[in-house]
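Everything below concerns the one structure shown next.
FYI, it's all coordinate maths here, none of it is from the lab. Computed from a prediction, not measured in an experiment: that's the story for all the values here. For neighbour counting, all protein chains shown are included, and Cβ atoms are generated from backbone atoms with ideal geometry for every residue, glycine included.
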Amino acid sequence: MKYALRRSVLALSLGLVSTALVACGSTRHDASEASGTSEVVPYALEHCLVMTDVPVGPGSVRYEYEGYELKFCCEACVDTFEDDPDGFMAEYESALAARD
């Protein structure tokens with residue numbers, strides 16, 4: 001009985017992790033299409049714009065905003081960005097300036 005319960009908990013945990021990974025899979029949002037922007041400035045940071053302690057890579061969410069490519073670790077961070085794009089873009093520009 002104990003073994004079956006542990007096995008069920010493990011299966012449930014793996015299912016939740018799999019769902020989270022799929023939800024944070026690579027997708028693309030094009031906010032620049034509406035503005036007619038054709039040239040896009042590549043994303044220059046190695047971490048998510050919202051959750052700055054989370055690195056971004058090939059599986060990251062790619063988002064274009066006013067001619068900039070942005071990268072996020074998951075869709076939830078895109079939603080957070082969309083709540084205050086001006087604030088996050090100011091942070092992005094500050095982070096770029098600090099690197100130089």
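Note on the stretch 52-90: residues that are in contact with a helix residue (DSSP H, G or I) (Cβ under 6 Å, 6 or more places away or on another chain) and not in a strand (DSSP E or B) total 2. Give me a count of the residues in the stretch 60-100 that are farther than 17 Å from residue 42 by Cβ and either touching a residue at least 60 places away in the same chain (Cβ under 8 Å) or within 9 Å of the chain's Cα centre (by Cα) (or both). Summing the residues that are farther than 17 Å from residue 42 by Cβ and either touching a residue at least 60 places away in the same chain (Cβ under 8 Å) or within 9 Å of the chain's Cα centre (by Cα) (or both) in the stretch 60-100 gives 6.
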